[in-house]
Amino acid sequence: MTKTIVGYANRLSVRSGDEIAFHASTYGSGATDVSLVRLTGCDDPDDGGIFEETEIAAEWAGRVEIPHQPIFAGSYAAADGVRAIAGDGGIHFAVFVWQNEWVNSRQCLMSLGRNKGGARLELYLENNVPQVVCGDTAVTSRPISPRRWTLLLIDVDASGQVSIRQAPAPEHGLEMLHTHAPLGDVWNDFHSAPGGDESASPLECWFGAANRDGRPAHAFDGKLEQPAFFDRVLRDSEAGLYWNTAPGEHAGLPCNHLWDFASHISGQVAEDRGGASRHCRIVNLPTRAVCGRKWDGTVHDWTVDSSHYGAMHFHSNAIADAEWKPFARWTVPADLPSGLYAAKLVQSESDDYVPFYILPQLDAAKPAIAFLAPTASYLAYANFCIQPQFAALYPQMREDTEGDALLRAHPEFGGGLYDMHPDGSGVHYSSLHRPIVNFRPKASNWAFTADGDIIAWLEQTGETYDTITDDALHREGIDLLDGYQVIVTGTHPEYWSTTMMEALEAWLARGGRLMYMGGNGFYWRIAFDPNGTDCIEVRRAEDGTRAWLSEPGEYYHSFSGELGGLWRRLGRTPQSLVGVGFSAQGFGGSTHYRLTEAAADPRAAFILEGVESEVIGDFGAHGDGAAGEEIDRADFALGTPAHAIVIASSEKHNALMLRAKEELLQTMPPGIEDPEVRADMVFFETASGGAVWSTGSIAWAGSLAHNDYGNNVARISTNVLRRFADEEPFRLP
């Protein structure tokens, strides 16, 4: 079925009194039935999953006409009121350019024109060849080399004669191409200004994309650094001097404008260090804190010396905000309990859900239990599609979904942190403000939908609980957790900011009880956008099981200035926090656990009460087992507390369950049975009366509902939940 309606919300989580906006676009009829629902199960019922929705009254519900709204992807930097025309009537422009790989499309480096439209003067790369374009006339130069900084100097005199100079480094000299072909009548139209005073007529300038009525087109894949407009032609010797200046410096050269892309790296502007001070606004998340022409390997932290980080990396498919007009704005009433909600959109046989979380009221009494929804992981996996290398290993993952088809039809929705841009560079940022086709119920049983299995289990236990979220934890810190006795995680709480991590550590130190009901958790450090957009950033530094590599020198987050990478490599291992850490991944089927001898320890008796079999979880939604997909094991050398009990361990994984690469000092020989590839169920007490219980498996939640919850996975989980909710303190052995 072809999807004809898709939407998104502008918030991941809200409280009563907050406003949330719902945005949508249609690809068929505009008539749409919209409603508010509460979700207590997110699996696809056609595959036997648990799906529960309850309609909630809302004043905006009903039949709504929703228009088609396009998305214009592509990152760029824009400045208005630019005085680009020099005193001699010409235009003299310079910029440093770097491309990772050649992209076989026409891409715009600079677009200059009047604020009210009309003719434009533009600089393109096409098949790595620079072109100066005005109207139908193009003046071309020599090719530039990939992965090498090149200075381009563009001079157009008052009559439209063009000179293009370029140099890969000043010691190699400047190559000059002169053309005597004028740019023609279009240049005259562009050059003419109201009142005949070209020097006084401001223009608008975009870097990284062509400006088409305020929308990006022909967007660039590559880095730009220190674009500038000069008041006259620079001599070759002055061009060499310009190369050697630090970002933002002009060495006394006659700059009308000089944009310093090393300025305000965590913000949304770049300063103009020239005389006119027309600062750039940054649109659609070009990657910041990336190495510029000055980077020489002596600096790795941009906060120490930003002169090495004077570039922006622009991307033709980057998207920060779809900018769709909302079909509804809603102030959350006080009478709705916390939980998972969605705006439901229905057109004939096509539907879509726009999920969001309602947090408990700030002044409300807190129950003992809270479910912590891993919204950072949802953003990280946004619009994830199966990569060819995974499909080759796991043929069953090749199944085409409705979401896959939608993403192929609409690549402008953008990717998540597992995708790469067209030039082969990794996607560092993921934004909420666009359609995310797998942040939906009934999608593949992974992350968001799999967490619905935990919500459904919590509902059937009859225990009272609140729902809180990663993004709220980052905003509010430990204040969000204080007052709860038990925190239940989702299936894949993989991405954690420093604020989140410190809040959880402090809460555990105060006696909290944590139920870690997943795998591959507490793995990557992330940063949230300090400008309050809920956008997250990752830097995949040095190690870890990952889809792409950060460039050397680009391991520090632009949003926070913190070193990125694995929490394990940053000295805060998951094992020291929850007793287990990432061990292996494999998607060729799941298996079961078997109780260990340590399970007979009286300290674990409450966990196994009513459990009669030593085999745990040999059933479920993930290939017939509760241990699978991504699994964690105990490791006392990496920080698992010495008194922790390994209650059960998985066994009989197939050959496609592969050890995590950060675990290996050398390549594991093929065909060997690796004893370290296992999921461990672990329990331990803390000094402050709290405790931690970890399942060590993403697949655990998929086994909860088996036999209408009449199974040992659900029994163990419920035993732990109720004992953890009991106020009686735990004691260290």
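Tabulated data
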| item | result |
| --- | --- |
| Odd one out for Ala634 among (1) modelled with pLDDT of 95 or more; (2) more than 16 Å from Met515 (Cβ to Cβ); (3) surrounded by fewer than 24 Cβ atoms within 10 Å (Cβ to Cβ) | (3) |
| Residue among Thr54, Thr26, Thr32 that alone is over 29 Å from Ala270 (Cβ atoms) and either among the small types (Gly, Ala, Ser) or touching a Pro at 6+ places or on another chain (Cβ under 8 Å) (or both) | Thr26 |
| Residue in the range 151-158 that is over 25 Å from Asn127 (Cα atoms), in contact with a His (Cβ under 8 Å, 6 or more places away or on another chain) and at pLDDT 70 or above present | yes |
| Residues that are touching a residue at least 40 places away in the same chain (Cβ under 8 Å) and β-branched (Val, Ile, Thr), drawn from the range 278-315 | Ile282, Val283, Thr287, Val290, Val299, Thr303 |
| Evaluation of Arg114 against (1) more than 28 Å from the chain's Cα centre (by Cα); (2) over 19 Å from Gly214 (Cβ atoms) (one fails), failing number | (2) |
| Residue check, Ala547 surrounded by fewer than 24 Cβ atoms within 10 Å (Cβ to Cβ) and more than 29 Å from His433 (Cβ to Cβ) | no |
| Of all residues in the range 159-170 being among the hydrophobic types (A, V, I, L, M, F, W, C) and at pLDDT below 90, the one that is farthest from Arg120 (Cα to Cα) | Ala169 |
| Selection count, the range 276-290, where residues are in contact with an Asp or Glu (Cβ under 6 Å, 6 or more places away or on another chain) and in a loop (DSSP other than H, G, I, E, B) | 2 |
| Count of residues meeting criterion [crowded, with 22+ Cβ neighbours inside 10 Å, in contact with a His (Cβ under 7 Å, 6 or more places away or on another chain) and in contact (Cβ under 8 Å) with a residue 60 or more places away in the chain] in the range 241-277 | 2 |
| All positions within the range 710-728 that are touching a Ser or Thr at 6+ places or on another chain (Cβ under 8 Å) and part of a loop (DSSP other than H, G, I, E, B) | Asn711 |
| Within the range 1-33, tally of residues that are farther than 18 Å from Ala322 by Cβ and either in a strand (DSSP E or B) or free of Cβ contacts under 8 Å to residues at least 60 places away in the same chain (or both) | 5 |
| Subset of the range 607-631 (residues that are out of contact with any helix residue (DSSP H, G or I) (no Cβ under 7 Å at 6 or more places or on another chain) and either among the acidic types (Asp, Glu) or assigned to a loop (DSSP other than H, G, I, E, B) (or both)) | Glu612, Glu614, Asp618, Gly623, Asp624 |
| Number of the exception - Thr499 against (1) modelled with pLDDT of 95 or more; (2) crowded, with 22+ Cβ neighbours inside 10 Å; (3) of a type in the set (Val, Ile, Thr); (4) out of contact with any strand residue (DSSP E or B) (no Cβ under 6 Å at 6 or more places or on another chain) | (2) |
| Any hit, the range 615-637, residues being under 30 Å from Pro530 (Cα atoms) and out of contact with any His (no Cβ under 8 Å at 6 or more places or on another chain) | no |
| Test set (1) in contact with a helix residue (DSSP H, G or I) (Cβ under 7 Å, 6 or more places away or on another chain); (2) of a type outside the set (Val, Ile, Thr); (3) at pLDDT 95 or above - Glu459 fails condition number | (1) |
| Residue in the range 486-493 that is at pLDDT 95 or above and either farther than 23 Å from Ala634 by Cβ or of a type in the set (Phe, Trp, Tyr) (or both) present | no |
| Considering residues of the range 197-230 that are modelled with pLDDT of 95 or more and not in a strand (DSSP E or B) only, the residue surrounded by the fewest Cβ atoms within 10 Å (Cβ to Cβ) | His218 |
| Subset of the range 95-121 [in contact with a strand residue (DSSP E or B) (Cβ under 6 Å, 6 or more places away or on another chain) and within 20 Å of His313 (Cβ to Cβ)] | Val95, Phe96, Val97, Trp98, Gln99, Arg106, Gln107, Cys108, Leu109, Met110, Ser111 |
| Matching residues, the range 56-85, being free of Cβ contacts under 8 Å to residues at least 60 places away in the same chain and not in a loop (DSSP other than H, G, I, E, B) | Gly62, Arg63, Glu65 |
| Top-ranked residue of the range 643-668 - restricted to ones that are modelled with pLDDT under 95 and of a type in the set (A, V, I, L, M, F, W, C), ranked as surrounded by the most Cβ atoms within 10 Å (Cβ to Cβ) | Met657 |
| Verdict on Glu402 being surrounded by fewer than 18 Cβ atoms within 10 Å (Cβ to Cβ), in contact with a helix residue (DSSP H, G or I) (Cβ under 9 Å, 6 or more places away or on another chain) and not assigned by TED's automatic domain parsing to the domain that holds Arg715 | no |
| Tally of residues being more than 21 Å from Asp423 (Cα to Cα) and either outside any loop (DSSP other than H, G, I, E, B) or polar (S, T, N, Q) (or both) across the range 112-128 | 7 |
| Residue match in the range 316-328 (condition: within 23 Å of the chain's Cα centre (by Cα) and β-branched (Val, Ile, Thr)) | yes |
| Hits in the range 73-117 (condition: within 23 Å of Thr140 (Cβ to Cβ), crowded, with 19+ Cβ neighbours inside 10 Å and among the polar types (S, T, N, Q)) | Gln99, Gln107, Ser111 |
| Pairs where the first residue, in the range 627-639, is over 12 Å from Ala660 (Cα atoms) and the second is surrounded by fewer than 24 Cβ atoms within 10 Å (Cβ to Cβ) and of a type in the set (Ser, Thr, Tyr), C-beta under 8 Å, 6+ apart | Leu638/Thr573; Leu638/Ser576; Gly639/Thr573; Gly639/Ser576 |
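The values are calculated or read from the model by the stated rules, or taken from the named source; none is laboratory data. Everything quoted here is computed from the prediction, not taken from an experiment. In this analysis, Cβ positions are derived from the backbone assuming ideal geometry, glycine residues included, and neighbour counts consider all displayed protein chains.
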